[in-house]
Amino acid sequence: MSVTVRVPAKVNVQLAVGAARPDGFHDLANVFLAVGLHDEVTVTPADALRVTCSGPDAAQVPLDRTNLAARAAEALAARHGLSPDVHLHIAKDIPVAGGMAGGSADGAAALLACDALWGTGASRAELLDICAELGSDVPFSLVGGAALGVGRGERLTELQVGGTFHWVFAMAERGLSTPAVFREFDRLAEGVGIPEPVASADLLDALAKGDPDALAATVSNDLQPAALSLFPELADTLAAGRAAGALTALVSGSGPTTAFLVRDAEAGGKVAAALRTSGTCRTVRTAQAPAPGVTVISG
Ligand code: C5P
């Protein structure tokens, strides 16, 4: 008996970052959009907790208890007086350390898969609570679709999306550490007054209408200058996608994956082809949004 679930990646169409808080985190206005690049997590009863991973980036995925999938199984088991004796297999397609919430996705996926396997019947509220303990982006990976995250990004309000958005993603040659990007944000912000992060009404309206031109005009990422400061070559990738006709180009979350919004699948094919031959990135993928959150696909 095993359970397999599917979980999407995310792009942040707005990432407004406030000043560092006393606990080191930053208050955010974080508009998440789930995109159709997926990991699959399969959970099977075992003698002891163990994690394996397959896929092109598998070698970069930690297989110890720091993996959010393992931590999710432990957290759910602890709350229900169970032993987390499962084999978690991650079929990884979301870029690792890419700013697309791949690790968070595996945490949310493992949580739902273990809940189904063990029949714990945890409520949505309990699952979201455990997700928030695991990391700021984990609740959104569970929910999918589109949502505004405030606080650390973990307090979610679901958003309406009025159409399908087409995206191209360029994966970089190396990863970026999220804490390092936030530290660079703090360094660049020294001596500068940082306003309270607020969601853009025009951006929420563009999402609700499903209007790619209006969305392109309103996307923003306050972490982008920090990501570019640590990884200046990303500017070349952004320029290559813009030159090929992307409506807008931005760093996804803390990066280094770059995201290109395009009008339709045809435009996406052109931007993807241009990026592939540009020599400015490792891999290029196209995907549509919004995508549903964690979904049980077998078991
Ligand atoms: O919540 P999570 O563990 O995914 O966050 C990873 C790191 O990103 C944190 O340790 C912190 O350095 C940074 N972070 C932050 N403010 C947030 C979310 C994350 O500073 N709202």
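Summary table
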quantity	calculated
Residue check for Asp106: within 14 Å of the ligand (Cβ to nearest atom) and in contact (Cβ under 8 Å) with a residue 40 or more places away in the chain	yes
Residue under evaluation Gly255, criteria (1) part of a helix (DSSP H, G or I); (2) at positive phi; (3) not hydroxyl-bearing (Ser, Thr, Tyr), criterion not met	(1)
Pair list, Cβ under 8 Å, 6 or more apart: the stretch 137-162 residue more than 17 Å from Val35 (Cβ to Cβ) and without any contact (Cβ under 8 Å) to a residue 24 or more places away in the chain, other residue among the hydroxyl-bearing types (Ser, Thr, Tyr) and not in a strand (DSSP E or B)	Glu154/Ser136
From the options Gly241, Gly293, residue that is closer than 30 Å to Met1 by Cα and touching a strand residue (DSSP E or B) at 6+ places or on another chain (Cβ under 6 Å)	Gly293
Output for the stretch 35-52, where each listed residue is open to solvent by 30 Å² or more (accessible area, probe 1.4 Å) and either assigned to a loop (DSSP other than H, G, I, E, B) or not β-branched (Val, Ile, Thr) (or both)	Gly36, His38, Glu40, Pro45, Ala46, Asp47, Ala48, Arg50
Where a residue in the stretch 190-205 is without any contact (Cβ under 8 Å) to a residue 40 or more places away in the chain and its partner, wherever it lies, is among the hydroxyl-bearing types (Ser, Thr, Tyr) and buried (at least 16 other Cβ atoms within 10 Å of the Cβ), with Cβ under 9 Å and at least six apart	Asp202/Thr218; Asp205/Thr218
Elements of type strands (runs of 3 or more DSSP E) contained in the stretch 100-185, each with 2 or more residues being open to solvent by 20 Å² or more (accessible area, probe 1.4 Å)	146-150, 155-158
Residue count, the stretch 54-92 (criterion: in a loop (DSSP other than H, G, I, E, B) and either outside the structural domain of Thr44 (by TED's automatic domain parsing) or in contact with a Gly (Cβ under 7 Å, 6 or more places away or on another chain) (or both))	1
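The values are calculated or read from the model by the stated rules, or taken from the named source; none is laboratory data. Please read all numbers here as calculations on a predicted model, not as lab measurements. Glycine also receives a Cβ, built like all others from the backbone with ideal geometry; neighbour counts cover every protein chain displayed. For accessibility, only protein heavy atoms count, side chains too; no ligands or nucleic acids. Shrake-Rupley method; radii C 1.70, N 1.55, O 1.52, S 1.80 Å.
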